[in-house]
1. Name, by its number, the condition in (1) closer than 19 Å to residue 387 by Cβ; (2) out of contact with any Asp or Glu (no Cβ under 7 Å at 6 or more places or on another chain); (3) at pLDDT 90 or above that does not hold for residue 348.
2. Could you run through the stretch 239-254 and say how many residues are open to solvent by less than 30 Å² (accessible area, probe 1.4 Å) and not in a loop (DSSP other than H, G, I, E, B)?
3. Is one or more of the residues making up the stretch 337-344 in contact (Cβ under 8 Å) with a residue 40 or more places away in the chain and either open to solvent by 80 Å² or more (accessible area, probe 1.4 Å) or farther than 19 Å from residue 257 by Cβ (or both)?
4. Restricting the search to the stretch 299-333, which residues are in a loop (DSSP other than H, G, I, E, B) and either surrounded by 15 or more Cβ atoms within 10 Å (Cβ to Cβ) or touching a Lys or Arg at 6+ places or on another chain (Cβ under 9 Å) (or both)?
5. Would you mind stating whether residue 261 is in contact (Cβ under 8 Å) with a residue 24 or more places away in the chain and in contact with a strand residue (DSSP E or B) (Cβ under 7 Å, 6 or more places away or on another chain)?
6. When you go through 370, 426, 437 one by one, which is the residue that is open to solvent by less than 60 Å² (accessible area, probe 1.4 Å) and either at pLDDT 70 or above or part of a helix (DSSP H, G or I) (or both)?
7. Here are 210, 259: which of them is open to solvent by less than 80 Å² (accessible area, probe 1.4 Å), at pLDDT 75 or above and not in a loop (DSSP other than H, G, I, E, B)?
8. Has the stretch 112-127 got at least one residue that is without any contact (Cβ under 8 Å) to a residue 60 or more places away in the chain, open to solvent by 40 Å² or more (accessible area, probe 1.4 Å) and under 50 Å from the mean Cα position of the chain (by Cα)?
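The values are calculated or read from the model by the stated rules, or taken from the named source; none is laboratory data. All values reported here derive from a predicted model rather than from experimental measurement. Note that we place each Cβ from the backbone using ideal geometry, even for glycine, and neighbour counts take in every protein chain shown. Only protein heavy atoms, including side chains, enter the accessible area calculation; ligands, DNA and RNA are left aside. Shrake-Rupley method; radii C 1.70, N 1.55, O 1.52, S 1.80 Å.
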Amino acid sequence: MIDDTLVLLRDLWENYLQVKITPGADALTRTRERILHYLLLSLTTLSALVFIPFTSDTISRTQSWELFLGILVVAIVIWLATFNQQWPYYVRTAVLLSVFYGIVIHDLLTIGLIGANSTILLVIPLLVFALLNLQAGVFATIGSIGLHALMAWQHGAGNLPLSAANIAQYTTANSWFTIGLFLGILCLLSTILLGEMSSNVAEALYAEEQIDHALRSEQVNLQERIAKRTRGLQASTEVSRRISVILDSQQLAETVVQQIQQAFAYYHVQLYQFDASKQYLNLIAATGTIGAQMLQENYRQATWRGLIGQAGGTGEPQLAANIEDNANWLTNPLLSETVSELAVPIFSGNETVGVLDIQHNALHSLDEETVYVMQTIASQIAVALQNAALYEQVEAQARQEELLEQIGKKIRETSATEEALRVAATELALALNLKRTHIELGL
């Protein structure tokens with residue numbers, strides 16, 4: 001029996017009495033919805049407590065059942081607005097304020113400012129401000145002042161139906177009890193109102209403080225990122241300046257990895273170039289003694305395997321801020337200290353021709369800023385490699401033309417055919433590094 005009663009009370013509380021807040025509402029809306037529900041719940045409780053003694057006393061004095069029916073309708077409307085929280089917020093607010101204004105106007109017409117009318121007229125603008133907004137609160141204040149003035153004018157003109165019996169009724173013990181209970185509930189609601197508003201202000205101030213802290217942190221982070229990017233671009237410019245004057249491909253590749261390692265203090269830097277089949281990326285330059293060992297062993301990486309192969313295959317940078325979190329990372333026993341790796345593709349036009357690989361021994365030391373800087377350097381490497389290749393091609397062609405000119409000159413200086421043939425064979429053997437050369441003539 002007790003358990004059933006507890007379950008019934010819990011369901012009553014959860015379904016009707018507990019305030020229901022609009023999902024996703026802001027702090028001010030949540031506060032207003034709580035205040036409105038508390039006010040309606042308090043009026044419901046008050047009307048339930050005083051309905052029978054108040055209405056029976058009123059009927060016995062006035063012999064009017066119309067007043068009883070009016071009070072009953074008001075009480076029912078209040079109960080409906082309280083227990084039907086699915087009603088729109090502004091409809092429930094209008095019901096609450098209409099009840100307050102109805103009570104005040106009725107009592108002003110019958111008893112004047114006796115009782116709780118002055119208090120209610122003071123509280124109504126505060127409620128309007130709390131439940132709606134400042135503009136509505138100003139209008140409510142003006143309305144309260146206007147209502148006072150109107151009633152004073154009507155009282156002075158003798159148009160108010162004030163009754164001595166009605167006024168005397170509010171000096172009885174029952175009236176004192178009713179007014180005291182009503183004022184007590186108003187005081188309680190005022191306390192709740194101030195508490196809710198103070199809580200709302202504190203919550204807003206705390207949220208503002210958190211936002212300010214977040215903004216300061218973001219500003220510091222942004223400044224650090226800008227400083228890091230600036231240092232990276234400065235280092236990139238220095239690397240570009242140094243490699244721009246190198247026209248030997250191998251020297252260029254070695255200089256690139258050395259300059260990047262010195263500029264950024266990375267653990268290991270290496271440069272790969274595709275073979276003719278595009279199946280493998282061959283190591284062409286690397287830093288330190290480990291790099292020299294890998295070059296001596298003709299180290300290469302298959303396309304699509306590891307971060308280097310993925311960068312070469314996809315044409316997209318591959319970043320592992322923590323190698324433990326990247327499934328594509330492949331271990332290299334020679335580089336045992338690596339904990340972060342970045343592989344950036346190198347393009348010649350739209351074609352991927354190689355990969356710049358950075359490895360470091362500090363967690364999360366390679367990030368998106370590093371990707372941006374290394375992509376910039378990779379673009380400069382691509383241009384430098386193209387320039388070096390073109391220079392080597394032109395230089396080889398020039399050497400070839402010079403050699404042909406020297407051979408032709410020596411042949412022209414001979415006086416006999418056999419001697420000319422002998423000179424041609426000898427010079428070609430020297431030029432082509434051949435052990436034996438002979439020339440056959442078919443007549």
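1. (3)
2. 4
3. Yes, there is a match, as at least one residue in the stretch 337-344 is in contact (Cβ under 8 Å) with a residue 40 or more places away in the chain and either open to solvent by 80 Å² or more (accessible area, probe 1.4 Å) or farther than 19 Å from residue 257 by Cβ (or both).
4. 299, 303, 305, 317, 321, 326, 328, 329, 330, 332
5. When the stated conditions are applied, residue 261 passes them.
6. None of the others qualify; the one that does is 370.
7. Unique residue meeting the criteria: 259.
8. Yes, because at least one residue in the stretch 112-127 is without any contact (Cβ under 8 Å) to a residue 60 or more places away in the chain, open to solvent by 40 Å² or more (accessible area, probe 1.4 Å) and under 50 Å from the mean Cα position of the chain (by Cα).
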